[in-house]
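Accompanying notes for the structure given below.
The values are calculated or read from the model by the stated rules, or taken from the named source; none is laboratory data. Being a predicted model, the structure only gives us computed values, none of them experimental. Here Cβ is always computed from backbone atoms with ideal geometry, including for glycine, and neighbour counts include all displayed protein chains.
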Amino acid sequence: MPKPEVLVDGLAFGESPRWHDGRLWLCDWGAQEVLAVGGDGRPEVMARVPTRLPFSIDWDADDRLLVTAGPDSLLLRQDADGSLATRADLGHLPAAALNEIVVDGRGNAYVNGAGFDLMAGEEPAPGMVAVVSPDGTSRAVAGDLAFPNGMAITPDERTLIVADSYAQALVAFDVQADGSLANRRTWAEVEGPPDGICFDAEGAVWYGCVPDKTCVRVSEGGEVLERIELDRGCFACMLGGRDGRTLFMVATEWRGPEGMLEGPRGGQVLAARAPAARAGRP
């Protein structure tokens, strides 16, 4: 693959890239902002998130922006005036320090959470996946994940993949009609801790890897199909662009939890051509 080009530079800490409505959206954790980037590479602030990191984004069935407010255990929704209101409070669930989100075609929002606060330097505890139904009710549907991170849903919406970073694995679940998850299995064991992920039209998964400073494409079973070397940690990736074949990668120099928001604003969005187009969700 050709060398990636820098699309955006000077982010405080980029995460959770999404392709939506013809633009790349992402979170800038350090600035507490949700950004959208057009073809000119200029970020536009779409929302300001009054929470400590992490936070992640997707859209509900009515095309309203949803944001996980991680340390607050809240799922927020953007109203017409641009403000963020509580959509669901998940504080009653175990491991409710929320992280990632992906919404399926029925409007079910899957959110995952760790059993500890990464920023507080707490000892790891098992994480979980919860589902927030369109009526706002929430329940845990999977548990005992070492550190759940990026999530994606297959194009047929029958399978949810969770990147379990500390287990160095992509974990699959069957999606049931009522939103529950069943038949847990290892979709792929990977070489480094996977972070944000996305599907492509050939059934492969791209994942960002922070310590290895790579973005890797794997097939089910773990065969490495492509590997992109970067000069800083890759926290997440997303396919998009006019034909769905632009791979966007958000990358930042990792300084550990205590230093992740310190130092120069070195966060970037990089872009490269991919062998297959975007598929599935997000």
| Of the residues that make up segment 216-230, is at least one under 18 Å from L26 (Cα atoms) and of a type outside the set (S, T, Y)? | no
Counting only residues in segment 262-278 that are out of contact with any Lys or Arg (no Cβ under 9 Å at 6 or more places or on another chain) and either of a type in the set (S, T, N, Q) or modelled with pLDDT under 95 (or both), the one farthest from M1 (Cα to Cα) is identified as P264
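So which of A85, A47 ends up being free of Cβ contacts under 8 Å to residues at least 40 places away in the same chain, within 26 Å of G127 (Cα to Cα) and in a strand (DSSP E or B)?
Values: A47 fails: within 26 Å of G127 (Cα to Cα).
Residue meeting the stated conditions: A85.
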Selection from segment 7-44 of residues touching a strand residue (DSSP E or B) at 6+ places or on another chain (Cβ under 6 Å) and exposed (fewer than 12 other Cβ atoms within 10 Å of the Cβ) yields G38
Q: Could you tell me whether G136 is in contact with a strand residue (DSSP E or B) (Cβ under 9 Å, 6 or more places away or on another chain), at pLDDT below 95 and under 20 Å from W29 (Cα atoms)?
A: no
Over segment 215-232, the set of residues surrounded by fewer than 21 Cβ atoms within 10 Å (Cβ to Cβ) and assigned to a strand (DSSP E or B) is V224, L225, E226, R227, E229
Scanning segment 45-56 for residues that are among the β-branched types (V, I, T) and surrounded by fewer than 20 Cβ atoms within 10 Å (Cβ to Cβ) gives V45, T51
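Quick one: which of G256, G241, G221, G233 is modelled with pLDDT under 95 and either among the aromatic types (F, W, Y) or more than 30 Å from S138 (Cβ to Cβ) (or both)?
Numbers: G241 fails: modelled with pLDDT under 95; G221 fails: modelled with pLDDT under 95; G233 fails: modelled with pLDDT under 95.
G256 is the lone residue from the list that is modelled with pLDDT under 95 and either among the aromatic types (F, W, Y) or more than 30 Å from S138 (Cβ to Cβ) (or both).
Residue-wise test of (1) in a loop (DSSP other than H, G, I, E, B); (2) free of Cβ contacts under 8 Å to residues at least 40 places away in the same chain.
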position	(1), (2)
G39	yes, yes
A61	yes, no
L66	no, no
R77	no, yes
P94	yes, no
Of the listed residues (W59, W29), the one being more than 19 Å from V131 (Cβ to Cβ) and within 16 Å of the chain's Cα centre (by Cα) is W29
Taking segment 20-37 and the residues there that are out of contact with any Phe, Trp or Tyr (no Cβ under 7 Å at 6 or more places or on another chain) and outside any strand (DSSP E or B), the one that is nearest to A271 (Cα to Cα) would be G22
Of the listed residues (V141, V129, V171, V162), the one being part of a strand (DSSP E or B), in contact with an Asp or Glu (Cβ under 8 Å, 6 or more places away or on another chain) and buried (at least 18 other Cβ atoms within 10 Å of the Cβ) is V171
Restricting attention to segment 130-167, the residues that are closer than 17 Å to S219 by Cα, within 16 Å of the chain's Cα centre (by Cα) and not charged (D, E, K, R) number exactly 9
